[in-house]
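Notes follow once the structure below has been shown.
The values are calculated or read from the model by the stated rules, or taken from the named source; none is laboratory data. These figures come from a predicted structure and were not determined experimentally. Positions of Cβ are generated from backbone atoms using ideal geometry, with glycine treated the same way; all protein chains shown enter the neighbour counts.
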Amino acid sequence: MAKKSLSKAKFWGPGGLSLTPTDLAIFREDIDWFLPKRIFDIHTHVNLAIKDGPPKVSLELLKQFQKMIFPKRTCNNLLLPVPLGNSQTSDQVNQYTSQQVRKFAERGDARLFFADPRMSATFVREQILQTRAVGLKVYMTRATAKNKTEAPIRSFLPERIIKVVDELGLMVMLHLSKRKAIVDPGNIRDLEVLSKRYSNSKWVLAHCARCFRPGMFEQVVDRLNTLPNVYVETSAVCDPLVFMEIFKNYDLSRLMFGSDNLLAAGFRGRYIECGLFWLPIGRPGFQWGQGIFAMQPTFVIYEQLRAMSRAARLVSLPAKDIRRVFWDNAVGLIKSIRQSKHKLPDQH
Ligand SMILES: [Zn+2]
């Protein structure tokens, strides 16, 4: 899809991918003071289009979007290939990411390799070395378990593949399955067992360990703090209370900024707590209201950043810690992976 039509594409909500007066006001009031000059985004995507779903997003478009939403900042990316819907294959998305990296990656960018649990360990190893990926992206929709939403970690990341990650000292981006996410007793126990057994592997828990609502992270924070090779990234979480729990109690040397741009954070809306779960508002088809209830929504990424900034203000988070979360921790982790005993070469 051409860039021009993408800025108007309905998928992203009212205003498309251009800045509205609402976006500008939110950035000015709640984000500008908080956002450091250098950003490393540990959770981004390039993706192929699917019918009735997101349009194609190239790395060139992702970078243009970042220049627009993060003015006067630089931003490097970790790119996560992920097959969308039932029609896209792992090969397709891995190849598209490789092609985009070759064309548009800048110094400092990095990528993961999407691993399906049916792949052999040898194949995964070869592909990691060939693509120079710094780790794996895995996802519950590819789980071998029948009930994919409640799939245990090993059913979409078998131990034979974890052994490769461990041997090469790589990271895994883990979007936890199960309704209770990290609070699920099986998930936290599996994470403790696997991260200790494979101590050279690095585990990054996406979406604040998938704690989109308050009261979850605080239940496991003490256990997470004892796992030195487990990290947490912030993408798509829009609730300031979740960030307060994290900023106050989690080891901030292992917290990293992630956005989930553009796939899950470039549309206008917000992830909100509802009952004992959460839901995204603003997906295509959502009614934004009329008359006195007419809404002027902003991007999910702006909702996330203002939730983080409000929490940071309330707990008086030092600027040094903010810089660590947005840059030092992610850059340090990727550097340590590239300097591991197998000396994975730089992207360039
Ligand atoms: Zn994502």
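Restricting the first residue to region 71-95 and requiring it to be at positive phi, which pairs with a second residue that is in a helix (DSSP H, G or I) and within 16 Å of the ligand (Cβ to nearest atom) meet a Cβ separation below 7 Å and a spacing of at least six or different chains?
Here the result reads none, with nothing in region 71-95 linked to a residue that is in a helix (DSSP H, G or I) and within 16 Å of the ligand (Cβ to nearest atom).
Do we have residue 140 as within 18 Å of the chain's Cα centre (by Cα) and modelled with pLDDT under 95 here? Before the answer, list the steps.
On the way: within 18 Å of the chain's Cα centre (by Cα): yes; modelled with pLDDT under 95: yes.
Answer is yes for this residue.
Those residues that are among the basic types (Lys, Arg) and in a loop (DSSP other than H, G, I, E, B), I need them from region 22-53; list them, please.
Hits for region 22-53 are 37, 51.
Looking only at region 215-234, decide whether some residue is acidic (Asp, Glu), within 16 Å of the ligand (Cβ to nearest atom) and under 17 Å from the mean Cα position of the chain (by Cα).
Taking region 215-234 as the starting set, the residues that turn out to be acidic (Asp, Glu) are 218, 222, 233.
Retained after the next criterion (residues that are within 16 Å of the ligand (Cβ to nearest atom)): 233.
The next check asks that each one be under 17 Å from the mean Cα position of the chain (by Cα); those that pass are 233.
Taking every residue of region 215-234 in turn, at least one turns out to be acidic (Asp, Glu), within 16 Å of the ligand (Cβ to nearest atom) and under 17 Å from the mean Cα position of the chain (by Cα).
In region 142-161, how many residues are surrounded by fewer than 23 Cβ atoms within 10 Å (Cβ to Cβ) and part of a helix (DSSP H, G or I)?
The number of residues fulfilling the criteria is 8.
If we keep just the residues of region 176-209 that are within 19 Å of the chain's Cα centre (by Cα) and of a type in the set (Lys, Arg), which is farthest from residue 274 (Cα to Cα)?
For region 176-209, the residue satisfying everything is 202.
Residue 51 fails exactly one of the following numbered conditions: (1) at pLDDT 95 or above; (2) more than 15 Å from the ligand (Cβ to nearest atom). What is the number of that condition?
(1)
Tell me which residues, restricted to region 196-245, are free of Cβ contacts under 8 Å to residues at least 40 places away in the same chain, within 14 Å of residue 173 (Cβ to Cβ) and not in a loop (DSSP other than H, G, I, E, B).
Once the filter is applied, which keeps residues that are free of Cβ contacts under 8 Å to residues at least 40 places away in the same chain, within 14 Å of residue 173 (Cβ to Cβ) and not in a loop (DSSP other than H, G, I, E, B), region 196-245 yields 203, 205, 208, 209, 210, 230, 232.
For residue 107, all conditions in the list (1) outside any loop (DSSP other than H, G, I, E, B); (2) basic (Lys, Arg); (3) in contact (Cβ under 8 Å) with a residue 40 or more places away in the chain hold save one; what is the number of the exception?
So the condition that residue 107 fails would be (1).
Out of region 162-195, which residues are away from the ligand (no atom under 16 Å from the Cβ) and assigned to a loop (DSSP other than H, G, I, E, B)?
Within region 162-195, 169, 170, 178, 179, 180, 184 qualify.
Of all residues in region 129-141, how many are among the β-branched types (Val, Ile, Thr), touching a residue at least 60 places away in the same chain (Cβ under 8 Å) and part of a helix (DSSP H, G or I)?
Taking region 129-141 as the starting set, the residues that turn out to be among the β-branched types (Val, Ile, Thr) are 131, 134, 138, 141.
Restricting the remaining residues to those that are touching a residue at least 60 places away in the same chain (Cβ under 8 Å) gives 134.
Now drop any that are not part of a helix (DSSP H, G or I), which leaves none.
Count: 0.
Output the residue which, of all residues in region 49-92 that are closer than 21 Å to residue 173 by Cβ, among the hydrophobic types (A, V, I, L, M, F, W, C) and in contact with a Lys or Arg (Cβ under 9 Å, 6 or more places away or on another chain), is surrounded by the most Cβ atoms within 10 Å (Cβ to Cβ).
Filtering region 49-92 for residues that are closer than 21 Å to residue 173 by Cβ, among the hydrophobic types (A, V, I, L, M, F, W, C) and in contact with a Lys or Arg (Cβ under 9 Å, 6 or more places away or on another chain), the one surrounded by the most Cβ atoms within 10 Å (Cβ to Cβ) comes out as 80.
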